[in-house]
Amino acid sequence: MINKLWSWLIQAVKETLNLAWTLVGLVIATLTLTGQAQQITAIATVITLAIWLLTIGFRK
Amino acid sequence: MLSTLNSLSRITCVLFLIAPTSIALADHVPTQTPYDISIACDSSNGDITVTWQESDGFESSPPERYAIGFDVNENGTADAYAVANSTGWETALSYKSYVFSASYRESIFGNTQGTFNAKVRADNDTDSSYSEWTSTVGIACDYGSTTTTSSTTTSSTTTSSTTTSSTTTTTTIPPTTTTTTTLPPPPPPTTTTTLYVVVMADGTESEYTETEVNDGTIERDQERIDNELEFGCFMTNAQIERGDCIIIIEVYEEEDYEEEYNTEEELFNDVVVVDEVEDEFIEEEFIELSEQEIKELEKQMEFEVKELELKDEIEFFEFDNEEEAQEFIETFIEVEEFLEELEEVKVEEIVFKDIPKDIIIEIEDEITEDELVKEVFTDESEAETEVQEQVVEEEVELTKEEIKVEVAELEEVIEEIIVIDIPEVTEEELEKYTEEELIEYEEAKEEAIEEFVEELETEEVVEILEEINDVGVENLAEVSQEVIEVVAQVVEEVITIAQEEVLTEEQTEVVAEVLGFTETEDVQIVAEAIKTDENVAQAVDEFVERAVEFAKNDSDQEFTLADATTEIAFESFVASPVSVIIDIDLDAINLNNIANDMTTDQKEKAQEVIVPTILVRIVSFALRRFD
């Protein structure tokens, strides 16, 4: 179980690194926005990233 | 098997994450529809009570009142009339009710017979947010005759069982119908009620009780009668103002009108002129006009007026056909409008005593296609207009000397208006101060400036801002630190003023120019945004200081409030990255007007970032496919 978790963690880091440029863009976008648009972009970014990482195995 | 289970668990995990999102969003509709509507009849006095349950309170725009639509018919609709209660949302999931008295219904429908249908809607006028209507409930409650509540219960149960010997037994219970008819109610209680006979404006007489006289029922009834005559809606003024009545504009079709009333030919051609013109009703068409249609109609009317005006002049010209004549009138109107626009252009004469070397004048010659196409007609012949060159933009950078003059003016204005009540301290004395004393002095000075600026009149604040515009925020580095502090406080103050009162168009333009806005509406947006967005509030507070710092870097770019906001957002993100996620107020999010709380400048800056991000992502996906 720990091995699986560890391997998933490594995969998650790899995937996050693959998304680095996109994430940088989204973070800058979030910081450039104000008000509701900022909040929604922040939530959407985090939720999507979480889903993306949780579905690594499923997508492969 | 294991991988299938693994996949299944992951899918479950994803669904688990997605499911609450939609529920959370569903709960946060702007204004929720009232729950659990019911209707009841009080046979003792003929009152009909409509009851509904208030929402759970998870909504952005809680009801300020409830609209109750009602009608009497057998179709189950309640669209003809509407009333509103006086109280809005008070307690989550509590019940509210509205009573339709028998006399009230009688005053509207003439009697209390038939099925009374009602439905409810939650309204928030402040945010212009209205819920859906509830389902319609109905009840028959004829006061004075028989109150009949009939309920029909039809139940049908079918059970089946299969035995091992393959025989099937089916038992069917026939539908049972139960009709309950209550006996006629006891006669109305013999209470003494003072009745007033009121003669309405249209001559009809109505009876009212003392309570109804006191609660304004007579006035409301009179309003209903008046509005029915005027708009065809039996509604009070309040209902009309609220927009419950669809007011129909009556439009005659022009062709019909011409056909019916074009008696000109008849009069001239006929030998006998008939005095009595046949009086026929024209079929009226009721059309609801859109804004576009109204504009077209106005244009058509303008055209016809001009046609009449030019009628005599047109006779001087010979046109081959009607189209050519129409074209002439259209062109005439266009030329007139163009000349009016030209008159509005102010011509300012700029006199340079010494022409400085570093003046940069950017002139863009913009000639629109329409202007080139425009033709004018002289008395003798047709001729094309001369091409009009329009100077669109003229930016003049101030020389150092001019900046000094403007700075001196700004300081003078500030000195005239602002008197800070703190003891004057020379530079030598300041140097002798300890750190604590310095901080104390700065705080006292800041407080004194703040207090004084708060008491300034709007005109005085705008006057200072005008001077700031003359100098330019980017040139404020030339002024003293004290003046910068005052200017910063003034900018902050004007936004506070914009929250409390409506600035004139000119004042708004001045404020917009200081903050670097292209749209004047942005001033109001910022005034609202600082209430909810800490970054924007801090940006307004620190805008001037940051603009001065930015100008010191000799950047050619303009520094606007959007830049200050982004800088502060970045700084707070670096200080606490998690707070961007944690400090989110889900209740405040309204998907209907997302980005309405952003200034145009901020939107443009965000667009510059978001669009490339998405494009990069798309390109990377595409490249991955080719790999």
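The values are calculated or read from the model by the stated rules, or taken from the named source; none is laboratory data. The model shown is predicted, which means the values in this text are computed figures rather than measured ones. For neighbour counting, all protein chains shown are included, and Cβ atoms are generated from backbone atoms with ideal geometry for every residue, glycine included. For the accessible areas, the whole protein counts, side chains as well, though only heavy atoms, and no ligand, DNA or RNA atoms are used. Shrake-Rupley method; radii C 1.70, N 1.55, O 1.52, S 1.80 Å.
Tabulated data for the structure shown
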quantity	calculated
Listed peptides B:323-332, B:505-514, B:466-475 by packing density, highest first (mean Cβ within 10 Å)	B:466-475, B:505-514, B:323-332
Three principal axis lengths of the range B:456-517 [C-alpha, angstrom, descending]	33, 20, 16
Of A:K4/A:K60; A:K14/A:K60; B:K552/B:K603, pairs whose Cα-Cα distance is over 20 Å	B:K552/B:K603
Summed side-chain charge close to A:K60 - residues other than A:K60 whose Cβ falls under 15 Å, Lys, Arg +1, Asp, Glu -1	+4
In the A-B interface, the accessible area buried, summed over both sides, Å² (probe 1.4 Å)	2800 Å²
Karplus 3J(HN,Hα) series, Hz, for the range B:602-611 with 6.51 cos²θ - 1.76 cosθ + 1.60 (x for Gly, Pro)	5, 4, 5, 5, 5, 4, 4, 8, 5, 4
Distance between the range B:523-572 and chain A - C-alpha centres, whole angstrom	29 Å
Rg/Rh ratio calculated on Cα atoms of chain A (Kirkwood radius)	1.09
Positive minus negative residues near B:I139 (Lys, Arg vs Asp, Glu; Cβ under 14 Å)	-3
Net lengthening on full extension, B:Q499/B:Q607 (0.36 nm per residue, minus Cα-Cα)	36.1 nm
Note, ³J(HN,Hα) from phi for the range B:106-111, Karplus 6.51, -1.76, 1.60, rounded to Hz, x at Gly and Pro	5, 5, 8, 9, x, 7
Per-pair calculated FRET efficiency, R0 = 30 Å: B:E509 and B:T399 via Cβ, rounded to 0.05	0.75
Solvent-accessible area per residue for the range B:513-627 (1.4 angstrom probe, square angstrom)	60 Å²
Radius 15 Å from Cβ of B:N73, net charge of other residues (Lys, Arg +1; Asp, Glu -1)	-2
Other protein chain Cβ atoms within 10 Å, averaged over every residue that makes up B:603-614	5
10 Å Cβ neighbours from other chains, averaged over peptide B:560-573	2
For the range B:439-445, Karplus couplings with θ = phi - 60° (6.51, -1.76, 1.60), whole Hz, Gly/Pro x	4, 4, 5, 4, 5, 4, 5
A:I47 versus B:E334: modelled label distance in nm, points set 7 Å from Cα along the beta carbon direction	5.2 nm
Equivalent-ellipsoid semi-axes of the range B:396-503, from the Cα gyration tensor, Å, largest first	25, 20, 11
Averaged over B:43-56, number of beta-carbon atoms from partner chains that fall within 10 Å	0
